[in-house]
1. If eta is 0.692 mPa s and T is 37 °C, what Stokes-Einstein diffusion coefficient results for the stretch 44-97, Kirkwood Rh from Cα pairs, in µm²/s?
2. At a Förster radius of 25 Å, what calculated FRET efficiency corresponds to the Cβ-Cβ distance of residue 139 and residue 87, to the nearest 0.05?
3. Determine the relative contact order of the chain: mean sequence separation of Cα pairs under 8 Å and six or more apart, normalised by residue count, in whole percent.
4. Measure nothing but the geometry: give the 0 to 90° angle between the long axis through the Cα atoms of 138-155 and the longest principal axis through the Cα atoms of the chain, rounded to 10°.
5. Cα centroid distance between the stretch 184-205 and the stretch 228-283, in Å?
6. For the chain, find the longest principal axis of its Cα atoms and tell me its angle to the long axis of helix 383-395, 0 to 90°, nearest 10.
7. In nanometres, what is the gap between the two model label sites at residue 325 and residue 339, each 7 Å from Cα along Cα-to-Cβ?
8. Among 360, 182, 344, which one moves the most in a GNM of the chain with springs linking Cα atoms closer than 10 Å?
Amino acid sequence: MPWLDTDRALTRNSYYAATAARGAAHPPLSGSATCDVAVVGGGLAGLSAALDLKARGFDVALLEAREIGFGASGRNGGQAIHGLACDQDVIEAQLGLDEARRVWAMSIEALDLLRARISDHRIACDWRDGYLGLATSARKGRALAGWADRIEAVYGYPLTRITPAEVPDWIASERFHSGVHDPQSGHLHPLKYTYGLAEAAQRAGVRLHEGTPVLGLQTHRDGAVLRTPQGDLQARQVLLAGNVYLQDIAPGLAPELGPRIMPVGTYIACSEPLGEARATALVPSRSAVCDTDFVLDYFRTTADHRVLYGGRVSYSTMTPADLPESMRQRMLTTFPQLAGVKVDYAWGGFVDITMNRAPDFGRLAAAPQVYYLQGFSGHGLALTGLAGRLVSEAMAGDAGRFDLLGRLKHRPFPGGRALRTPALVLGMAWYRLRDLIG
Ligand SMILES: Cc1cc2nc3c(=O)[nH]c(=O)nc-3n(C[C@H](O)[C@H](O)[C@H](O)COP(=O)(O)OP(=O)(O)OC[C@H]3O[C@@H](n4cnc5c(N)ncnc54)[C@H](O)[C@@H]3O)c2cc1C
């Protein structure tokens with residue numbers, strides 16, 4: 001697929017790859033092997049599940065087509081934020097208010113779990129508390145304040161309001177009208193965290209295999225056999241955690257999942273180091289920041305005092321021309337005072353969006369021993385960790401929480417595989433226009 005080639009090119013100039021120490025490679029699966037649970041995908045979803053499954057006593061093998069952290073988990077904005085990618089009203093409409101409250105609480109549990117894993121496994125990944133949501137116009141400011149009031153009243157989650165007069169205390173930018181601050185959310189270096197989870201999983205006894213694409217899955221009454229180029233793995237239960245890559249590496253493996261997600265490109269640039277004082281002057285709390293536009297900008301400062309600036313999207317999967325310069329221009333719309341600052345890195349990746357931006361978890365219709373996690377819709381940094389925990393609960397016999405999220409319904413993208421990209425591009429034009437109008 002052309003977008004997969006684009007995706008490979010997008011990994012070449014990443015700040016994360018340049019600043020995270022990768023341990024020894026894990027050997028490909030070779031010959032015939034057996035395990036209790038086979039996990040497909042060495043990103044945060046697969047690794048989190050593998051760790052928890054192992055802790056429950058399962059014998060676990062994880063198969064990764066390329067390298068641990070190759071996908072979105074090793075390239076993202078590093079922002080771990082409350083809630084889901086969709087708004088809570090999507091969940092309320094489908095599951096009712098009581099269950100929506102449970103889902104919100106799980107999203108907060110995901111933040112606690114992330115902190116616990118960092119501390120339990122002593123993962124040095126530059127964690128920093130704090131998230132700022134900022135509105136770019138008065139209209140959007142009113143919507144954001146209304147949203148925060150409701151989240152506080154209905155979900156009991158406190159958020160600090162930032163009035164227009166207070167904005168300069170929080171950010172050195174004239175782009176923003178008002179905002180909210182959440183000290184429970186935060187940010188980290190995602191590739192260091194992903195490698196840390198993989199090391200913890202390996203120490204615990206999970207068998208990790210890189211360079212091992214799963215090309216076939218044959219299910220039977222007692223489990224499944226996973227076919228890879230150099231070996232077969234027999235498992236009693238299987239987790240598919242392959243994100244947007246799964247359908248392209250092995251289109252026939254779980255074809256029912258493909259139409260419900262769609263790869264959308266998003267891009268990040270990282271500046272040269274600014275020094276502590278200059279970086280802190282930009283965002284004094286050093287929180288992660290997102291604006292509230294539909295096509296949002298997300299940015300933060302790094303532990304070595306750079307600005308890491310994400311934004312733009314490609315619904316067509318085409319990489320924007322001259323990525324470093326185009327991202328530098330985006331960064332300057334927020335921080336024009338960085339005009340003379342060099343961009344050292346620029347990269348990108350694809351997120352697995354669903355039509356309603358709610359996550360898509362479940363089991364294959366014809367093979368309930370095969371679980372899947374997908375559709376994090378650009379909001380998976382913390383949620384993948386919780387998703388892994390829910391899979392481990394379900395495989396151990398307590399499926400209540402996994403099945404709650406599994407009840408969320410998802411429509412296929414219109415237009416089928418060939419036509420859904422152009423259809424989405426057209427659909428998104430309206431939202432871009434709305435962002436520009438203010
Ligand atoms: C540029 C970018 C910025 C983002 N920013 C944020 C952010 O700031 N905050 C946030 O919450 N989320 C963000 N996200 C989303 C977040 O990164 C993802 O939701 C999350 O990492 C998904 O993890 P995963 O394990 O499901 O997928 P991945 O990390 O993509 O891992 C899937 C793995 O499965 C492997 N695989 C697939 N098929 C097979 C197969 N057949 N056999 C073997 N292996 C296979 C792939 O090679 C891949 O390594 C961002 C994503 C991108 C791309």
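1. Here the translational diffusion coefficient equals 232 µm²/s.
2. Plugging the Cβ-Cβ distance into 1/(1 + (r/R0)^6) gives 0.90.
3. Normalised by residue count, the contact order of the chain is 24 percent.
4. For 138-155 against the chain, the angle is about 50 degrees.
5. 15
6. Helix 383-395 sits roughly 30 degrees off the main axis of the chain.
7. Spacing of the two 7 Å Cα→Cβ label points: 1.7 nm.
8. Answer for the Gaussian network model of the chain: 344.
The values are calculated or read from the model by the stated rules, or taken from the named source; none is laboratory data. Source: prediction; values computed, not measured. No Cβ is skipped: glycine too gets one built from the backbone with ideal geometry, and neighbour counts run over all protein chains shown. All accessible areas refer to the heavy atoms of the entire protein, side chains included, with ligands and DNA or RNA removed. Shrake-Rupley method; radii C 1.70, N 1.55, O 1.52, S 1.80 Å.
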